[in-house]
Amino acid sequence: MKVFGPMRTLYLLVLCSITFYSSAKDLVIGVEEIDYAPYYYTEDKQYLGFAKEYFEAFAHQYGHQIHFKPLPIKRLYKSLIDGKIDLKFPDNPVWAEGTKKGFAIAYSTPIVEYIDGLLVPPDKADLTLEQVKSIGTVRGFTAWDYLGRIKSGQTKSREVNSLDALIKMSVNHRLDGAYFNVAVANYALQYKLKQPEALIFAKQLPHTRSHYTASTLNQLDLLKQINQFNLSDQAKAIKQKYNLN
């Protein structure tokens, strides 16, 4: 059957719509059940922050419906491997390698950068590595860049129960510095503790600079879409809104 003129245009529009919606999916994104603003956090049982806005914009562009499922970090990996979630965010190929061994988990291109490092009071801005005698971390996090010095006894490490407590100990010089995600610590300093310049990132000291990605076990087509969306002006604008790269 040949279709001409306006009818042909209508036919093509309908065909494109059918193709678009047939590829749309109902997705469950597994996310970490922790307060990690501005990247992500939960307030009044609502998932908020950069990740929410980023993935909602992504889903809108491709016609998907998404549901965020906050879970403890260890359960997140099990849920991914068991196929109970479609995507995991954040993830990184080098994380939990033992847990993921034997599973063909695939990753998106980098979505957003992160830096883990030491935040110190301004009067310690020129601190050298040899002068770092005591650092603090939030319980459950590891100061990977200082493990060698901690094991050798050159630097003592103290775990505390919250980021707020860690920041206050560092501000009060009870520690040489706080080892944490720099963007998260700066957000807490500015918006929660109202002390935006009380600690600064000691960039001359050891730190880790890497990226958060999305991962999946069997939704490879979604990763292609995420990679494409990540290049868009909209994705870049969302990162800029949250002062992230």
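Brief remarks on what is shown
- For the stretch 39-62, a residue qualifies if it is outside any strand (DSSP E or B), within 14 Å of the chain's Cα centre (by Cα) and hydrophobic (A, V, I, L, M, F, W, C), and the qualifying residues are 50, 51, 55.
- Subset tally (residues that are touching a Ser or Thr at 6+ places or on another chain (Cβ under 8 Å) and of a type in the set (Phe, Trp, Tyr)) for the stretch 206-242: 0
- Residue in the stretch 142-161 that is without any contact (Cβ under 8 Å) to a residue 12 or more places away in the chain and under 18 Å from residue 34 (Cβ atoms) present: yes
- Residue 197 among the charged types (D, E, K, R), under 28 Å from residue 81 (Cβ atoms) and touching a residue at least 40 places away in the same chain (Cβ under 8 Å): no
- Residue tally, condition among the acidic types (Asp, Glu) and crowded, with 18+ Cβ neighbours inside 10 Å, over the stretch 54-92: 2
- Residue 66 being under 21 Å from residue 230 (Cβ atoms), over 16 Å from the mean Cα position of the chain (by Cα) and either at pLDDT 95 or above or assigned to a loop (DSSP other than H, G, I, E, B) (or both): yes
The values are calculated or read from the model by the stated rules, or taken from the named source; none is laboratory data. Just so we're clear, the structure is a prediction, and the values are computed from it rather than from any experiment. Please note: Cβ atoms are built from the backbone with ideal geometry, for glycine as well, and neighbour counts cover all protein chains shown.
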